[in-house]
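**Student:** Handing you this structure, nothing more for now.
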Amino acid sequence: MAPHLIIRSGPALLGMVEQEICNQADVFIGTRSGTMTGIVLEERSTASPPHLATELLLGS
């Protein structure tokens, strides 16, 4: 898909694409207070098989 099509589709679609990339990545590093981090952690922990390389950064 061409980049201009994603931008025209709006930020909601872009956020879903970013989330799916995080879900499928070999390694995910998120922040403790991030809303998206919580969603990604939930999805990665229930994946089959669960992703083992998931880390949280301590801090804000």
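**Student:** Out of everything in the stretch 30-60 that is modelled with pLDDT of 70 or more and of a type in the set (D, E), what residue ends up being surrounded by the most Cβ atoms within 10 Å (Cβ to Cβ)?
**Tutor:** E43
**Student:** While we're looking at this one, here's another question. Return the pair list, or none, for Cβ contacts closer than 7 Å from residues in the stretch 1-29 that are over 16 Å from R44 (Cβ atoms) to residues that are at pLDDT 85 or above, at least 6 apart or on different chains.
**Tutor:** These pairs meet every condition: I6/V17.
The values are calculated or read from the model by the stated rules, or taken from the named source; none is laboratory data. Bear in mind that the values here come from a model prediction, so they are computed numbers and not experimental data. We place every Cβ from the backbone using ideal geometry, glycine too, and count neighbours over all the protein chains shown.
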